[in-house]
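I have placed the structure first, in the form of C-alpha cells, so that the comments after it can refer back to it.
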2 protein chains.
Amino acid sequence: MKIEQIGEFGLIDKIARQTKTDRTVIKGIGDDTAVLKYSNKEYLLFTTDMLLEGVHFPKPPDTSQVYETSFTCEVKKMSEVSPRSRFFNIGWKSLACNISDIAAMGGVPQYCLISVGLPPNLELKSVNQLYSGIKTLARQFKINVVGGDTIKSGKLIINICLLGKVKKKDLILRSGARKEDAILVTGNLGGSISEKNLNFTPRLKEAQYLVNNFKLHSMIDISDGLILDLYHIIKDSRKGARLYLKEVPISPLIKHKKGALKQALYGGEDFELLFTASKRTGQKIAAQKLARIVGEITAKNNSIESSDGTKLNIDGYQHF
Amino acid sequence: MKIEQIGEFGLIDKIARQTKTDRTVIKGIGDDTAVLKYSNKEYLLFTTDMLLEGVHFPKPPDTSQVYETSFTCEVKKMSEVSPRSRFFNIGWKSLACNISDIAAMGGVPQYCLISVGLPPNLELKSVNQLYSGIKTLARQFKINVVGGDTIKSGKLIINICLLGKVKKKDLILRSGARKEDAILVTGNLGGSISEKNLNFTPRLKEAQYLVNNFKLHSMIDISDGLILDLYHIIKDSRKGARLYLKEVPISPLIKHKKGALKQALYGGEDFELLFTASKRTGQKIAAQKLARIVGEITAKNNSIESSDGTKLNIDGYQHF
C-alpha cells in the first residue's frame, strides 16, 4: 500500500491512533495545535507547518533567474507580484499559517523557530527577503524568533514551529460544537486562488476579540477549505451540519467567475476562522459584523447537507 | 552574493545580528537550543533540526525499489544495515539529534512535533518504520509526540521540533568557559562515518548525571566536529583552547584507518558531549571515567592550538 492510497488524513489518523501521550498533554495530534500543561491559568500551544517549493508556492525567480512555472494543485498565480517581493511573501505565509493555527485555539503566539532548506546558489538578497517576510510579520504580532536550522537543499523548504499560550478559559477545541449551534465564518472565502494566499493577515486580533467577548463552542482555521474544515469540527464533535449555501461569503476577487461557490466551499488556504456558538451568541456576533452565520450544527450524523437536505460532498485539499 | 559564498555560520550570524528579542528570551539564536522564561525554577528549551534525503542520509530503498546511491559530503555508508531498518534509523536520528541539543543545555526533552515531506509513492510500510524509529526513541526518553505536519515532497524531508525544560541552576550555555578550565568529551569520536551516526543514543542520561553532580561551565554537543564545536565554545566565551591531540578518544571503528585523528577532530555527527569545568572538577569527572580530558581553556585569543603551540585549522562540516 502506497501513502497516496491512504491519503493525508488517513495517515494522520493512523499516526494519532498509535500515539500515546501522558496526562500533561491536554490535546495531542488532531487539532490546530497541541495543548500542553503550563501554569495554573494557562496552557502552552505548540504547532508546526512545512512549506515546500512546487507544492505550496511556485519556484520563485532568483534575482538572476528567469521565472519558471512549476504549478501543482495548490500553487497559485503570482504574476501580480513583483519578483522582488515573492521571497518576502513566502516567508510571510510560512509564519502566517502557524499564527492562524494558534489564533484558532483562542491563544496568542510568542516564540518561533525557523528551519530552512536553501539552494546553495540562491542569492543572499533572496534569503534576506525571505527572512524579512517572516520577521516583519513576527514584529507585527510580537513573536520572538529564537532559533532554527539552515540546511542546503535542491528546492526551497521552510518549516516554522510556533509556541504560544492560551488562558485555560479561552481554549477552543474543534470538538466542542453543540447541536443547534450557529456556524460562523470571518471574512470572505475562495480568494486564496489569487496572490492573497501568500500575504494574508492571520485572524489573531479577531480571534482574541471573539474569545474575550463571546462564548464560542468550537473553532478551526480554514486551511483545507470550508467543507473539509467544517467536517473536522463535526467529526470531532460527533455532530452533523446544515450549510446555508446562499450565505457563504464569496471573495469579491472570484465572485464573477465560474465555479466561485465551489471555490469558496472547497478551496483551501483562506485562513479565515470557522467557529460555532449558541444561536443567540451567533446572532450577536453577526449583528456586530464580526462574522457571518453560514449554517447550523445538527444531531450526530457525521455529514454536511445544504438547506434543502442535499448531502454535500466532503472533499477538499489533501496533500497526497 | 550567493549563500554558498557566505557559508552556514556566516548566514546564521547575519540572521542572529538582525534579530531582536524581548526579555523573556534568555538565549535566542546561537546556542544548542533557545532558552525561554517559564517558571520560578525552570526555563523552557526549544530547538529544531531538519534532515533531508541526499544531504543527511542517502535515499533509502523503498520496499520495492532498488537501492540508489546519492552520496554527498555528509552521507554515510548504510550497507551494513538491512533495508527494512533504514527508515527506522532515519526517524531515530531525526529525533536523536534534537534530544542531544537539549541534553547539552543540561535539560530534559518533553514534547515533539514531527513535520515530514513524503514522496506519494512511498510504501506505507516505510512510513511506519520511519515513525516507529521516532516513537521508539521518544518512548525511551519519555517524550510525547503531540503533532506535526505531513506534506508531499519529491525527496524525504523530516523536521522535528523539540520542547523541553531545564532547572535554572542546571542550565549550561556555550558561553561559560573560563580560563584554565579542563575541556572534556564523552565517548569516542570519528565513528559517525559508519552507520552509528543514524542510531546513536543521545547523551541525555550522561548530561543529567553530570549537571546533577558537578559544576560545569560550558557545554555543547558535537554535531559539527570536535574542533568546530570547541570553536563555538571559545568564540562565545571569548577564550582560546589548547587541545591535547594524543588524548582525543578515537572510535575503535576507525582507529586502524588512515586519517583517523583527522576524522575524530573534524568529522561531524558524533553527538557526544563537549564541555568545560574547573581543572579539579574535570579531574574528578575523568577519574570516574565519565568523560576524558582533551585540553584546557586559555586566555582570549579565539584560536585552538595543539600542545606544542601549532595553530589548528578551524574547519568542520558546514552545510553550504
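Every test in (1) among the aliphatic types (A, V, I, L, M); (2) facing chain B (nearest Cβ under 8 Å); (3) open to solvent by 10 Å² or more (accessible area, probe 1.4 Å); (4) out of contact with any Phe, Trp or Tyr (no Cβ under 9 Å at 6 or more places or on another chain) is passed by A:Ile6 save one, and that test is (4).
Selection of the stretch B:107-132 for residues being outside any strand (DSSP E or B), more than 7 Å from chain A (Cβ to nearest Cβ) and open to solvent by 40 Å² or more (accessible area, probe 1.4 Å) yields B:Lys125, B:Asn128, B:Ser132. Quick check on A:Lys135: is it over 20 Å from A:Asp32 (Cα atoms), open to solvent by 10 Å² or more (accessible area, probe 1.4 Å) and part of a loop (DSSP other than H, G, I, E, B)? No; evaluated as a whole, the condition is false for this residue.
Of everything in the stretch A:262-295, what is part of a helix (DSSP H, G or I) and at pLDDT 95 or above? Give them in sequence order. A:Lys279, A:Arg280, A:Thr281, A:Gly282, A:Gln283, A:Lys284, A:Ile285, A:Ala286, A:Ala287 - these are the residues of the stretch A:262-295 that are part of a helix (DSSP H, G or I) and at pLDDT 95 or above.
Which one of these is without any contact (Cβ under 8 Å) to a residue 60 or more places away in the chain, farther than 18 Å from B:Lys289 by Cα and out of contact with any His (no Cβ under 8 Å at 6 or more places or on another chain): B:His232, B:His217?
Values: B:His217 fails: without any contact (Cβ under 8 Å) to a residue 60 or more places away in the chain.
Of B:His232, B:His217, the one residue that is without any contact (Cβ under 8 Å) to a residue 60 or more places away in the chain, farther than 18 Å from B:Lys289 by Cα and out of contact with any His (no Cβ under 8 Å at 6 or more places or on another chain) is B:His232.
Per the listing B:Ile99, B:Ile90, the residue uniquely away from chain A (no Cβ under 13 Å), within 26 Å of B:Ile29 (Cβ to Cβ) and not in a strand (DSSP E or B) is B:Ile99.
Which is within 18 Å of A:Lys284 (Cβ to Cβ) and buried (at least 19 other Cβ atoms within 10 Å of the Cβ), of A:Val166, A:Val185?
On inspection, the qualifying residue turns out to be A:Val185.
Only residues that are touching a residue at least 40 places away in the same chain (Cβ under 8 Å) and either within 19 Å of A:Lys215 (Cβ to Cβ) or in a loop (DSSP other than H, G, I, E, B) (or both): list them for the stretch A:296-314, please. The answer is A:Glu296, A:Ile297, A:Ala299, A:Lys300, A:Asn301, A:Asn302, A:Ser303, A:Ser307, A:Leu312, A:Asn313, A:Ile314. When we screen B:Asp270, B:Asp224 for residues that are open to solvent by less than 10 Å² (accessible area, probe 1.4 Å), of a type in the set (Asp, Glu) and in contact with a Gly (Cβ under 8 Å, 6 or more places away or on another chain), the only hit is B:Asp270.
Taking the stretch B:42-59 as the region of interest, how many residues are more than 24 Å from A:Ile160 (Cβ to Cβ) and either open to solvent by 10 Å² or more (accessible area, probe 1.4 Å) or modelled with pLDDT of 95 or more (or both)?
2
One residue stands out among those in the stretch B:141-163 that are over 21 Å from B:Leu122 (Cβ atoms) and touching a residue at least 60 places away in the same chain (Cβ under 8 Å): the one that is most open to solvent (accessible area, probe 1.4 Å), which is B:Phe141. Quick check: is even one residue across the stretch A:266-280 closer than 24 Å to A:Arg178 by Cβ and free of Cβ contacts under 8 Å to residues at least 12 places away in the same chain? Yes, the stretch A:266-280 contains at least one residue that is closer than 24 Å to A:Arg178 by Cβ and free of Cβ contacts under 8 Å to residues at least 12 places away in the same chain.
Of all residues in the stretch B:31-49, those satisfying the criterion of being polar (S, T, N, Q) and more than 9 Å from B:Gly107 (Cβ to Cβ) are B:Ser39, B:Asn40, B:Thr47, B:Thr48. Looking only at the stretch B:13-41, residues that are in a helix (DSSP H, G or I), within 9 Å of another protein chain (Cβ to nearest Cβ) and open to solvent by 50 Å² or more (accessible area, probe 1.4 Å) come to 0 in all. Here B:Asn313 fulfils each of the conditions (1) under 30 Å from A:Leu122 (Cα atoms); (2) surrounded by 16 or more Cβ atoms within 10 Å (Cβ to Cβ) apart from (2).
The values are calculated or read from the model by the stated rules, or taken from the named source; none is laboratory data. Please read all numbers here as calculations on a predicted model, not as lab measurements. Don't worry about glycine lacking a Cβ; one is built from the backbone with ideal geometry, like all the others, and counts go over all protein chains shown. These area figures cover heavy atoms from the full protein model, side chains too; ligands, DNA and RNA do not enter into them. Shrake-Rupley method; radii C 1.70, N 1.55, O 1.52, S 1.80 Å.
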